[in-house]
Amino acid sequence: MCKLNKTVILAMSGGVDSSVSAYILKNQGYCVKGLFMKNWEEDDNISHCSSIQDLRDAKNVCKQLNIPLYNVNFSYEYWEHVFKKVLSEYKIGRTPNPDILCNKEIKFKVFFEYSITDLKADYIATGHYVRKGIMNNKYLLLRGVDKNKDQSYFLYTITQKVLKKCLFPIGNLTKIQVRSIAHRNNLVVANKKDSVGICFINPKNIRKFLNRYLPHKKGNIITTSGTKIGQHYGLIHYTLGQRKGLGIGGLKGFKNISWYVVNKNISNNTLIVSQGKNNSELMSQGLIADEVHWICDIDIKKSLNCTIKTRYRHLDVACKITFLTKENIKIIFYKPESSITPGQSVVFYVSDICLGGGIIKKRLPV
C-alpha cells in the first residue's frame, strides 16, 4: 500500500540514476511505476548502447523493487521532433544539442503528457541531477548539489506546467552517494557505466552515422589568410573551437601551435582554421540568441546581469543581457570568451537558479 496515495511515473533508462530514483521514491511512500522509452529504431551495426540491454536492466531493477514497468516506443516522435531538427541544423553549418531537444520534445512533452493524461499519474520523475524550488508561487529549476553532474543546462526549456508535476529524487545527492545507495541495496545496475551523448551513436562512429543522413563532401581546410593546408571530411563533422581530429598538426612553415576551427564557409565548402585557442578569430565579446525560453516570467524592459553557460562543461561567464524581444536577446560578456558556437544553447543563471536559455544565433566578434 502506498503511504502517500500519489502515483509517480518514473522515466526508467536502465541506468543507476533512474534506478536509485525509483528506490528513493518508493521509500518516500509514492506509488511508483516505471516507464521505459525507446526513442530510436536501432541498427545493431551502429549501436553501442543497446536498448535491449537497457530494457532488460530496467525490468530487473523494477522486479527487485516490486514496481511495474511500462514499455513505450516514441521513435516516431523522436524522429519528427528531434532528429529532423538536428539534421536541419547540421545542414546550415550549426552545431545542435540533441539532448536538450530530446528533453524538450520527448521527456517533458510526450512522456509528460502520456504519463499525466493517459496513465493518470500525479507526477512524473526523472534521474536528472537537478532540484526544484518554489518562490512567489513560481516553480524554480535549481542546479543539482553535485556541481560536476548538474544537468540543469539540459533542462532549461522546461515549463511551469511541467515543473509543477516533476520530481527529481537524486538532485540533492552526489554521484558517489547514488552509487553507494545502489550498492547497499544490491541493485543490479550498481556498477553500470553512465551513457555519454546520444546513447544510440558510438562516439567513434558519429562521422559514419551522420553521413547516412546528410549530404557531405570533402573540401579544403584553409587558414584565415587563405592558405590551403589540408582537407576536411565534410563540414557537418566540425564545430567552432574544435582542435582534435583536424589532421593538420606539425605542418611545415608554421609554428608548433594547435590549430582550431574558427569558421565554416558553406557556400564554397571550406573549413577555416587558425592557431591558438585564444586567437582573435575565436574570441567574442558577446552573442545574439533566439528561441529564448524563460522558466519564470521576466521583465524585458530591464537589462539583466547574470551568469551563463555556453556549453555544458564550461564554467559560468558573467554577462549583461539586453532584450531585443522576449525571445531574442543580446549578451555582452564582461571579458572576451572563446569558441562561441552557433546552434549550441546558452543557459542563464543567478546563483543556483536556472532562469532559462536560448539558441546561439551568432557570435559578436571582438
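The numbers here are math on the coordinates, done by the rules we state, and not lab data. Just so we're clear, the structure is a prediction, and the values are computed from it rather than from any experiment. Cβ coordinates were reconstructed from backbone atoms using ideal geometry, including for glycine residues, and neighbour counts include every protein chain displayed.
Rounded, prolate or oblate: pick one for the chain, where a ≥ b ≥ c are the square roots of the eigenvalues of its C-alpha gyration tensor, a/c under 1.5 means rounded, and failing that, prolate if a/b is larger than b/c, else oblate.
prolate
For a paramagnetic label modelled at 7 Å from the Cα of Gln177 toward its Cβ, which residues of the range 26-42 fall within the zone defined by backbone nitrogen distances under 20 Å?
Those under the cut-off are 26-30.
Could you pull out the pairs from Lys147/Lys330; Lys244/Lys277; Lys277/Lys335; Lys109/Lys132; Lys3/Lys38 whose alpha carbons sit more than 20 Å apart here?
Lys147/Lys330; Lys3/Lys38
Taking θ as phi - 60°, what are the ³J(HN,Hα) couplings along the range 56-69 by the Karplus curve (6.51, -1.76, 1.60), each to the nearest whole Hz, with x for Gly and Pro?
4, 5, 4, 4, 5, 5, 5, 5, 4, 8, 6, 10, x, 9
So how much slack lies between Arg56 and Lys218, counting 0.36 nm per residue of separation and subtracting their Cα-Cα distance, in nm?
54.2 nm
Name the residues whose placed amide hydrogens come within less than 5 Å of the amide hydrogen of Leu364, ignoring near sequence neighbours (fewer than 5 apart) on the same chain.
Those lying under 5 Å, H to H, from Leu364 are Gln285, Gly286, Leu287, Ile288.
Does the range 54-141 come out rounded, prolate or oblate, given a ≥ b ≥ c as the square roots of the eigenvalues of its C-alpha gyration tensor, rounded meaning a/c under 1.5 and, failing that, prolate meaning a/b above b/c?
oblate
Report, in listed order, any pair from Lys301/Lys362; Lys85/Lys228; Lys175/Lys326; Lys161/Lys326; Lys149/Lys309 with a Cα-Cα distance greater than 26 Å.
Numbers: Lys301/Lys362 23 Å; Lys85/Lys228 33 Å; Lys175/Lys326 36 Å; Lys161/Lys326 19 Å; Lys149/Lys309 14 Å.
In this structure, Lys85/Lys228; Lys175/Lys326 exceed 26 Å between Cα atoms.
Does anything in the range 146-170 have its amide N under 16 Å from the 7 Å Cα→Cβ label point of Asn136, and if so which residues?
Residues 160 qualify, since their backbone N sits under 16 Å from the label point.
Can you check what the net charge comes to around Asp352, using other residues whose Cβ is under 10 Å from the Cβ of Asp352 (Lys, Arg +1; Asp, Glu -1)?
For residues surrounding Asp352, the net value is +2.
Please identify every one of the trypsin sites (Lys or Arg not before Pro) in the range 260-312 that sits in a loop by DSSP and has no more than 11 other beta carbons within 10 Å of its own beta carbon. Could the numbers behind the result be given before it?
Working: sites: Lys264, Lys277, Lys301, Lys302, Lys309, Arg311; in loops: Lys277, Lys301, Lys302, Arg311.
Listed in order of number, the matching sites are Lys301, Lys302.
How would the range 57-210 be classified by its alpha-carbon gyration tensor: rounded, prolate or oblate, with rounded meaning a/c under 1.5 and the a/b versus b/c comparison settling the rest?
Rounded, because the longest to shortest axis ratio a/c is under 1.5.
Would you please give the FRET efficiency between Ser258 and Lys6, computed as 1/(1 + (r/R0)^6) with r the Cβ-Cβ distance and R0 = 45 Å, to the nearest 0.05?
For R0 = 45 Å, the calculated efficiency reads 0.25.
In degrees between 0 and 90, to the nearest 10, how far off the longest principal axis of the chain does helix 16-27 point, with axes built from Cα atoms?
Here the helix axis deviates by roughly 30 degrees.
Pulled fully out, how much extra length does the chain show between Ser267 and Asn191, if you take 0.36 nm times their separation in residues and subtract their Cα-Cα distance? Provide the component values of the computation, followed by the final result.
Working: separation 76, 0.36 × 76 = 27.36 nm, distance 4.82 nm.
Residue separation times 0.36 nm, minus the Cα-Cα distance, leaves 22.5 nm.
Given labels modelled 7 Å from the Cα in the Cβ direction, how far is it in nm from Thr322 to Tyr334?
1.9
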